[in-house]
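Engineer: First the structure, then my questions, so here it is.
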Amino acid sequence: MEVPRALVQVAQRARRVVVLTGAGMSAESGLSTFRDPENGLWQRFSAQHLASAAAWDEDPALVWAWYVWRFECVGEVQPNAGHDAIARWSERTDLAVVTQNVDNLHERAGTRSVVHLHGSISAFRCSACERPHAETPVLPDEPVERLAPPRCATCAGLIRPGVVWFGETLPDRAWVDAVAKVSEADLVLVVGTSGIVYPAAGLPAIARSEGAVVVEINPQTTDISDMADLSWRETAARALPALVDAVHDGECP
Ligand code: BV8
Ligand code: ZN
């Protein structure tokens, strides 16, 4: 596969690299993105609605069932060649991942520096006293549309997924880390995001304003395409291994 020459040159020179990822990064692992509807049971629901505090207040059993289903999906898939390439690159370069994804595929591929802007689907906590909840949920054999959330052992509050819902602010630490990393980067790769959800979608512009080269990897145009220095219309699992090979081939061992 032909890798854009300008990208290889920038990547070889880059001392600090940040990879911003969205749902498209995990698509080739078999996880649905937010734009292309879930298949089967959940296609009747808008992901953006279910991923909101309003939906939780309205019907916690519906929202809980959806998250337990997604939690199980993440457990059933593997990191793809794109996740693996980023992990390989991170062993030889100062590289950090800043992700909107709540799955743990970057970590399972071996990338150590991962900032989760929107939380993690494998972290659960009490919606009342915020205490972490260690037990991992299990889905009944038959797919269900509604499943009662467990109760907190301390205050009997409802246990919720450790993700950031629409209308909720991002964890301070994660946001401050993300802004610092993109502001110090030489190269920021924006992989598999439609660039619609804020404040995450504002990070590429912050990076550019601080002098980073911004390169988009996405088969489709997005709300970020105009401000990117270069857009490579390719998929994550095809483009990233080719790029990392090209970067390392050019380097003296
Ligand atoms: C907040 C966790 C303070 C849960 C998620 C400014 C302007 C307008 C609106 C707002 C604004 N500021 C705040 C808002 C409101 C809102 C927002 O942005 N709304 C949007 C929809 C307009 N933001 C918030 O509520 C945020 N909180 O701002 O708090 C506040 C509060 C109220 C009012 C003001 C301020 C919290 C947002 C976080 C919500 N939680 N996830 C869960 O996952 O269940 S967001 C969730 O959706 C994901 O984490 C991700 O961020 C987003 C999905 O976007 P993508 O990842 O980009 O995925 P998408 O499906 O859209 O696109 C996939 C892309 O991949 C496509 O481009 C496709 O072409 C590409 N692709 C497909 N296959 C591949 C591929 N690319 C490469 N390879 C492939 N193989
Ligand atoms: Zn509690």
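The values are calculated or read from the model by the stated rules, or taken from the named source; none is laboratory data. On a predicted model such as this, the values are computed, not experimentally measured, just so you know. Positions of Cβ are generated from backbone atoms using ideal geometry, with glycine treated the same way; all protein chains shown enter the neighbour counts. Side chains are part of the model used for accessible areas, which takes the heavy atoms of the whole protein and leaves out ligands, DNA and RNA. Shrake-Rupley method; radii C 1.70, N 1.55, O 1.52, S 1.80 Å.
Engineer: Given contacts defined as C-alpha pairs under 8 Å and at least six residues apart, what's the relative contact order of the stretch 32-155, whole-number percent?
Structural biologist: Rounded, it is 27 percent for the stretch 32-155.
Engineer: With the other protein chains left in place, how much accessible area per residue, in square angstrom, belongs to the chain at a 1.4 angstrom probe?
Structural biologist: On a per-residue basis, the chain sits at 47 Å².
Engineer: Follow-up. Quick check on packing: order 212-222, 72-82, 130-140 by the mean number of other C-beta atoms within 10 Å, highest mean leading.
Structural biologist: 212-222, 72-82, 130-140
Engineer: Right, another one. Could you pull out the trypsin sites (Lys or Arg not before Pro) across the stretch 77-129 that fall in loop regions by DSSP (anything but H, G, I, E, B) with no more than 13 other Cβ atoms inside 10 Å?
Structural biologist: 92, 112
Engineer: Once you charge only the Cβ atoms, +1 for Lys and Arg and -1 for Asp and Glu, what is the size of the charge dipole of the stretch 85-126 about its Cα centre, to the nearest 20 debye?
Structural biologist: Dipole about the Cα centre, nearest 20: 60 debye.
Engineer: I would also like to ask the following. Quick one: pull the percent of accessible area on the chain belonging to carbon and sulfur, 1.4 Å probe, ligands and nucleic acids left out.
Structural biologist: 50 percent
Engineer: Here's a follow-up. Post the alpha-carbon centroid distance, the stretch 125-144 to the stretch 210-240, in whole angstrom.
Structural biologist: Rounded to whole Å, the Cα centres lie 36 Å apart.
Engineer: Between the stretch 149-205 and the stretch 63-89, how many Å separate their Cα centres?
Structural biologist: If you average the Cα positions of each part, the centres end up 17 Å apart.
Engineer: Then there is this: Which of 136, 207, 157 sits closest to the plus end of the dipole of the stretch 127-238, meaning its Cα is farthest towards the positive end, when Lys and Arg get +1 and Asp and Glu get -1 on the C-beta?
Structural biologist: Value: 157.
Engineer: Might you report the magnitude of the Cβ-based charge dipole of the chain about its Cα centre, with Lys and Arg at +1 and Asp and Glu at -1, to the nearest 20 debye?
Structural biologist: Charge dipole of the chain: 380 debye, to the nearest 20.
Engineer: Further question on the same structure: Cβ neighbours within 10 Å, averaged per peptide: list 159-170, 177-188 in order, most packed at the top.
Structural biologist: Ranked from most to least packed, the peptides come out as 177-188, 159-170.
Engineer: Further, regarding this structure: Under a Cβ-Cβ cut-off of 12 Å, what is the net charge of the residues other than residue 191 that fall near it, where Lys and Arg count +1 and Asp and Glu count -1?
Structural biologist: Taking every other residue near residue 191 into account, the sum is -2.
Engineer: Using the charge dipole of the chain (Lys, Arg: +1 at Cβ; Asp, Glu: -1 at Cβ; taken about the Cα centre), state which of 170, 78, 51 has its Cα farthest towards the positive end.
Structural biologist: It is 170, whose Cα lies furthest towards the positive end.
Engineer: Over the chain, what is the relative contact order in percent, taking alpha-carbon pairs closer than 8 angstrom and at least six residues apart?
Structural biologist: Answer for the chain is 26 percent.
Engineer: State the volume of the convex hull built on the alpha-carbon positions of the chain, expressed per residue in Å³ and rounded to an integer.
Structural biologist: Taking the convex hull of the Cα positions in the chain, it is 125 Å³ per residue.
Engineer: Averaging the inverse of every distinct alpha carbon separation and then flipping it gives the Kirkwood radius. What is it for the stretch 180-253, in angstrom units?
Structural biologist: About 12.9 Å, per the Kirkwood formula over Cα pairs.
Engineer: Right, another one. Multiplying the sequence separation of residue 173 and residue 153 by 0.36 nm and subtracting their Cα-Cα distance, what value in nm do you get?
Structural biologist: Value of the extension gain: 4.5 nm.
Engineer: Please work out the FRET efficiency for the pair residue 5 and residue 112, using the Cβ-Cβ distance as r and a Förster radius of 35 Å; give the result to the nearest 0.05.
Structural biologist: 0.70
Engineer: Relative contact order, percent, of the stretch 168-250 when contacts are C-alpha pairs under 8 Å separated by at least 6 residues?
Structural biologist: 25 percent
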